[in-house]
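S.K.: If you scroll down you'll find the structure; I have some questions about it.
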């Protein structure tokens, strides 16, 4: 985290800009401004709080809409006059209903596109918790680990078969099916995608070329 005493609020007449970024996908969500009290409250309550220049008061994002930003991490830049805040959005960030205030088409970062996997992971997690009727994911969790692993095996075989053909669309479909069932298996074993990514990163950093090129 940061040391508030190091921040330079004087340069901006008591305010510093704060860039908000999705902690999972890396997508830039919005830009706001903070005074010292806003930074302090954000750290204490772990909900991103700004200083509203129009209302002239502290303003916690989502205090009306419920679309809050859970604090993940906060960093200061090299000049100590700008903040980068990683957060987990609880709903759309923009007042227009868009996920990001920077929502022009054809300008979605690649990380944001891949970030759907995080959304899917959250959905699978909620399915396991709520177990709604008429849900295929619920059906898998009800059948248990044997059924889930069976499906992973079946989808893996079908993926291999399609990999030997030249029908790219079908191959992508089989990979998607395999990935979905793998994610259900991960949730059944209470393992997150982040843990798998960290394992891959650790192998890469160690130069373990047996698993990573």
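The values are calculated or read from the model by the stated rules, or taken from the named source; none is laboratory data. Quick caveat, the model's predicted, so the values are computed rather than measured. Counting neighbours? That spans all protein chains shown, and the Cβs are built from the backbone with ideal geometry, glycine included.
For (1) under 16 Å from residue 120 (Cα atoms); (2) part of a helix (DSSP H, G or I); (3) assigned by TED's automatic domain parsing to the domain that holds residue 120, each residue gets a yes or a no:
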residue: 151; (1), (2), (3): no, yes, yes
residue: 161; (1), (2), (3): no, yes, yes
residue: 172; (1), (2), (3): no, yes, yes
residue: 175; (1), (2), (3): yes, yes, yes
residue: 181; (1), (2), (3): yes, yes, yes
residue: 185; (1), (2), (3): yes, yes, yes
residue: 190; (1), (2), (3): yes, no, yes
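S.K.: For segment 118-158, give me each residue that is over 27 Å from the mean Cα position of the chain (by Cα) and under 17 Å from residue 175 (Cβ atoms).
M.R.: Once the filter is applied, which keeps residues that are over 27 Å from the mean Cα position of the chain (by Cα) and under 17 Å from residue 175 (Cβ atoms), segment 118-158 yields 153, 154, 157, 158.
S.K.: Where in segment 4-59 are there strands (runs of 3 or more DSSP E), lying fully within it, with 3 or more residues that are surrounded by 21 or more Cβ atoms within 10 Å (Cβ to Cβ) and touching a residue at least 24 places away in the same chain (Cβ under 8 Å)?
M.R.: Where strands (runs of 3 or more DSSP E) fall fully within segment 4-59 and carry at least 3 residues being surrounded by 21 or more Cβ atoms within 10 Å (Cβ to Cβ) and touching a residue at least 24 places away in the same chain (Cβ under 8 Å), they are 16-22, 28-34.
S.K.: A follow-up question, please. If you scan segment 61-83, which residues turn out to be over 22 Å from residue 25 (Cα atoms) and touching a residue at least 12 places away in the same chain (Cβ under 8 Å)? Even if it seems obvious, please write down each step before you answer.
M.R.: Going residue by residue through segment 61-83, those that are over 22 Å from residue 25 (Cα atoms) are 63-65, 78-81.
Listed by number, the residues that qualify are 65, 79, 80, 81.
S.K.: Of the residues in segment 67-100, how many are in a loop (DSSP other than H, G, I, E, B) and within 30 Å of residue 5 (Cβ to Cβ)? Even if it seems obvious, please write down each step before you answer.
M.R.: Restricting attention to segment 67-100, the residues satisfying the condition of being in a loop (DSSP other than H, G, I, E, B) are 67-68, 77-82, 90-100.
In the following step, the residues that additionally are within 30 Å of residue 5 (Cβ to Cβ) were identified as 68, 77-82, 93.
Number satisfying all stated conditions: 8.
S.K.: Between 134, 122, which is at pLDDT below 95, in a loop (DSSP other than H, G, I, E, B) and over 21 Å from residue 31 (Cα atoms)?
M.R.: Numbers: 122 fails: in a loop (DSSP other than H, G, I, E, B).
The match here is 134.
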